[in-house]
1. In this structure, is Lys295 surrounded by fewer than 19 Cβ atoms within 10 Å (Cβ to Cβ) and over 24 Å from the mean Cα position of the chain (by Cα)?
2. Between a residue in segment 218-238 that is touching a residue at least 12 places away in the same chain (Cβ under 8 Å) and any residue that is among the basic types (Lys, Arg) and assigned to a helix (DSSP H, G or I), which pairs come within a Cβ distance under 6 Å, given they are 6 or more apart or on different chains?
3. Give Glu125, Glu65, Glu158 a once-over and let me know the one that is under 17 Å from His201 (Cα atoms), of a type outside the set (Gly, Ala, Ser), crowded, with 19+ Cβ neighbours inside 10 Å and not assigned by TED's automatic domain parsing to the domain that holds Gly17.
4. Suppose we filter Ser206, Ser189 for residues that are crowded, with 21+ Cβ neighbours inside 10 Å and either assigned by TED's automatic domain parsing to the domain that holds Glu71 or of a type in the set (Ser, Thr, Tyr) (or both); which single one remains?
5. Could you list, ordered by first residue, the pairs with Cβ atoms under 6 Å in which the first is in segment 134-147 and farther than 9 Å from Ile72 by Cα and in contact (Cβ under 8 Å) with a residue 24 or more places away in the chain and the second is surrounded by fewer than 19 Cβ atoms within 10 Å (Cβ to Cβ) and of a type in the set (A, V, I, L, M), at least 6 apart or interchain?
6. Which residues, counting only those in segment 198-241, are closer than 28 Å to Arg63 by Cα and assigned to a strand (DSSP E or B)?
7. Phe290 is checked against (1) modelled with pLDDT under 95; (2) closer than 19 Å to Tyr157 by Cα; (3) not aliphatic (A, V, I, L, M) and fails just one. What number does that condition carry?
8. Got a sec? Which of Gly195, Gly169 is farther than 30 Å from Arg35 by Cα and either buried (at least 22 other Cβ atoms within 10 Å of the Cβ) or assigned by TED's automatic domain parsing to the domain that holds Glu303 (or both)?
Amino acid sequence: MESFVESAVMAFLDRQGGGVDSDRFVLLKGDGSDRRFCRLRSLAGGRSGCVIMVNPPADEAARIENRAYVEIGRHLYAQGAPVPEIFDLDLEMGWVALEDLGDVSLHGMVLAGAAPLPLYCEVAERLLDMQLGGAQGFQTTWCCQTPFYDRHVASSYEAEYFARAFLQGYLGLSLDRPGLKGAFDRIASGALQSGERFFLHRDFQSRNIMWSGDRPRFIDWQGGRIGPLGYDLASLLIDPYAALPEAVQFDVYAHYLKRLDHLRPKAVAGVAAAYPWLALQRNLQILGAFSFLSKTKGKHFFEAYIPAALASLRQRLAVQDDPSLQPLQDCLKEITF
């Protein structure tokens, strides 16, 4: 086991009174993040185990992210969101011990052949509850990137990220293209038109949704901030990992809006208007992230999902049928896969 993970585990066990044999904890497989996770199968006195998240505070960014992980996680749990309980932590050392949600993800269930519609409808309900409840008492000082999802995020962290990491970095295309910035600006304007202010998870996709105790539970909330409702819904529905059929996406979207109409009827029109543009924004972010992770970070697992994400972007641009998006559509025509 990596030394910094083992050190974190042993520090936690010291605080718990020891009692775990070396064969009872195991390093879990990582994903896109540099954070590492270790499962402790049992604790002293016959207590059930937990998972330890380890992220050594080597720089200021890691320290801020760890604080966001704890503060936002505790807040969401207190508000009744289906996130794991945080048991113990040491931010100076960079570890957090939390409830073990098991190994079954929504992504895994779909791959195994489970009918997606009832699962996704339940997830959409719990998502909306978290978005509404999580906004109550949320402190933007907890955030590790930006306090709000705004035009700066849409531009720098998504559209420009897509251009640099995917078009230029992954494909080797020139970014000197008239009208491309105008297309990005149009998408951002549409995405931000409602001015909503609710809790935003920012990476709400099937691999970050676990199925524990016959209900969905959510992880990887450290990028949370305040933003529009439709972004997390788009992240869930256009997620390339699960590749939901359009019919299923529409039914889950309709189910979400029906519940929103019951809870916050005045928000429905804004979500419906902004959703297609938020889906485009998320699609840009996905392609940027997958390209960066595979090309720069060497995590080639993500490369397999780039064609599906590209197909989704092409389809969504065509449906919008907006002339200002043509430069982006023309750019995508040069891509042969």
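The values are calculated or read from the model by the stated rules, or taken from the named source; none is laboratory data. Please read all numbers here as calculations on a predicted model, not as lab measurements. All Cβ positions, glycine included, derive from the backbone under ideal geometry; neighbour counts span all protein chains shown.
1. Numbers: surrounded by fewer than 19 Cβ atoms within 10 Å (Cβ to Cβ): yes; over 24 Å from the mean Cα position of the chain (by Cα): no.
Criteria not met by Lys295.
2. Ala234/Arg282; Ser235/Arg282
3. Numbers: Glu125 fails: crowded, with 19+ Cβ neighbours inside 10 Å; Glu65 fails: not assigned by TED's automatic domain parsing to the domain that holds Gly17.
Selected residue: Glu158, the only one of Glu125, Glu65, Glu158 that is under 17 Å from His201 (Cα atoms), of a type outside the set (Gly, Ala, Ser), crowded, with 19+ Cβ neighbours inside 10 Å and not assigned by TED's automatic domain parsing to the domain that holds Gly17.
4. Details: Ser189 fails: crowded, with 21+ Cβ neighbours inside 10 Å.
Answer to the check: Ser206.
5. Close Cβ pairs (under 6 Å, with a partner that is surrounded by fewer than 19 Cβ atoms within 10 Å (Cβ to Cβ) and of a type in the set (A, V, I, L, M)) amount to Cys144/Ile64.
6. Result: Phe198, Phe199, Leu200, Ile209, Met210, Arg217, Phe218, Arg225, Ile226, Gly227.
7. All conditions are met except number (1).
8. Numbers: Gly169 fails: farther than 30 Å from Arg35 by Cα.
The match here is Gly195.
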